[in-house]
Each structure stands twice: as structure tokens, then as C-alpha cells.
Amino acid sequence: MKETTANDDSERFQTGAAKYAAYLETPEGRLRLDLAFANLQEFLPPDMRSLRALDLGSGTGAVAVRLAQLGLHVTLLDGSQPMLDFAERAAREAGVTERITLKHGDIEQTAELFDAGSFDLILCHNILEFVDDPCAVLRGAARALRDSSSIISLLVRNQVGEVLKAALINGDLAASERNLTAEWGDESLYEGRVRLFTPESLQAIMVESTLAVTAARGVRVVSDYLPPKVSRDDEYQKIFELERKLGKRPEFAAVARYTHCVAHRAGPNHASPKHANPVIKDGA
């Protein structure tokens, strides 16, 4: 695996905005977006016109624009100006610029950039894999939530998914064995490395950040392993519907490529079991 420094992480997001935008148009990218957004919509109130959202590491604004179309006012925070340029263009094309605020900055400085209690919804999708201190980011996000009814949507790379990918897709049994205990995996889009999360490690940073899981889903449970005869484009809707069903079932969600958690700020007396598995908890 190619070693990656913090500067490399910053550089790949500065220069790779177009590559990332193109990825989101692939069936894999679309599924990651569409499944996470469908999961999130289950927990949004009917009337969202007064709600304020923060999209941490917003990238090209794909999710933020969808939220703005629902009526939310969304602040996009990203350290890559090229990503924000893509987001600005997307907001303009969708006609939602009045509900979009762009902010160039480091997501690890969330606590310094925003007042406490500023947002009803905070997105943290595929960001913790690339930051130096995931707990610091989540603590800052928890502080920025308005109250205990506000939610954080968290999407992270699942370690188990890397084990299966190495074996089933790459045919690399040695890599699959290594991934059983690996803290880092390969990032295929930009190259370099990406942090992997287990149920235990994810639960630990949730507890440290005073967050409690409301519900969890698996994202891309089987779609990455389908045989070539299944067209990802022609059968997209069927794949999406199957993924939605599988992602809600704990036994399948546990082996998904990504874990999606919806969480809220925990009360002062909240105590999570030491070995709790956030993938199996569901308050829906």
C-alpha cells in the first residue's frame, strides 16, 4: 500500500475534483449517494424549510444540493476550492443558490468555525477516513448540533467490506487475511490509503464524541460483487431496491462496503455498552 501523508490527502482533493465528480456518475458512485440519501430521508421531518444543515467535506455538493431542493439551508464546508467550485455550479444549475452557503476551510476546525448549536442536521459522509483525528471532527460536529433532536449522518468505510473485496474481486487471499486486522485500506480512486472502521472502533469514537446511534444501515452490500452479466446501468433500479432491503438487515449490513449511521447528541446519563455494535441498532 502506498503511504499517504496529510499533505497528500489535501493535494488529492485539490487536484482530483473532476475525477471525483466523474466517479459520482458511475453506478458505484450513484449507489453510494442514492442509498445514503434514501436512508437519511427516513429521519428528516416533513417540513424542512426552517432547518439548517452543515455538510462537512461537502465535495462537489451532490448531497447538499438535494437537501436544498427539499427546502433546507445548507452550509458546505470543504478544504478544496475546486470541489466548492463544482458545488457552486451544481447549486446554480439546480436553482438553489439562495439556500446554499459555501465556506472554504478545514473540517478539523469545525468547532472554531461555527457557533455551538448552529445546525439541525450535519453530514459527515466519507470524511473520517481521511482526517488525522476523527474524534476531533465528530466532537466539533456534536457541539454544532442545535439540540438532542438534531442529527448527524455519518458514512464510513467498513473494514469487513475490504476483506471481501480483496478476496472476491481481486482474488488476493493474502490481502484479505491482512485486512482482517487492518486499520487502513487502499483508496482506488485517488490511490494512497483510507482509514477503515470496525463496529467497535466506530462505536468508540461515537461514545467519545457524546453521540448515540439512532439507526444504522449497510451501503453497497452486494452490488460490488455482482457478476459481469448483471449490468450495473441497465439493472440499476433493481440493484438499488435490493440494496435498500439488505442494508436494513443487520446480518447483511455487517458486511457492506460502507456503514451509514444516523446519530444524535447523547444525554449526560447516556452510557453505551462497551462492545455495542452500531450496525445492529435501529431506532426507526
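The values are calculated or read from the model by the stated rules, or taken from the named source; none is laboratory data. On a predicted model such as this, the values are computed, not experimentally measured, just so you know. In this analysis, Cβ positions are derived from the backbone assuming ideal geometry, glycine residues included, and neighbour counts consider all displayed protein chains. Ligands, DNA and RNA are excluded from the accessible area calculation, which covers all protein heavy atoms including side chains. Shrake-Rupley method; radii C 1.70, N 1.55, O 1.52, S 1.80 Å.
Here are the numbers for the structure shown:
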quantity	calculated
Among residues of the range 48-72, those that are more than 11 Å from L123 (Cβ to Cβ), touching a residue at least 40 places away in the same chain (Cβ under 8 Å) and in a loop (DSSP other than H, G, I, E, B), counted	2
Residue among L84, L54 that alone is within 20 Å of the chain's Cα centre (by Cα) and either over 19 Å from C261 (Cα atoms) or surrounded by fewer than 20 Cβ atoms within 10 Å (Cβ to Cβ) (or both)	L84
The lone exception for V160 - which of (1) open to solvent by less than 20 Å² (accessible area, probe 1.4 Å); (2) aliphatic (A, V, I, L, M); (3) farther than 14 Å from C261 by Cα it fails	(1)
Residues of the range 126-135 classified as open to solvent by 30 Å² or more (accessible area, probe 1.4 Å) and either of a type outside the set (A, V, I, L, M, F, W, C) or assigned to a helix (DSSP H, G or I) (or both), total	2
Tally of residues being of a type in the set (K, R) and at positive phi across the range 23-69	0
Long-range neighbours under 6 Å by Cβ, at least six apart or interchain, first residue under 14 Å from F130 (Cα atoms) within the range 176-190, second open to solvent by 100 Å² or more (accessible area, probe 1.4 Å)	D186/M1
Qualifying residue in the range 195-208 (condition: small (G, A, S) and surrounded by 19 or more Cβ atoms within 10 Å (Cβ to Cβ))	no
Within the range 16-51, considering residues that are closer than 15 Å to S150 by Cα and under 17 Å from the mean Cα position of the chain (by Cα), the one most open to solvent (accessible area, probe 1.4 Å)	Q41
Of residues in the range 87-115 being open to solvent by 60 Å² or more (accessible area, probe 1.4 Å) and of a type in the set (A, V, I, L, M, F, W, C), the one farthest from F37 (Cα to Cα)	L113
Positions within the range 58-81 being open to solvent by 50 Å² or more (accessible area, probe 1.4 Å) and within 19 Å of L24 (Cα to Cα), in sequence order	R66, Q69, Q81
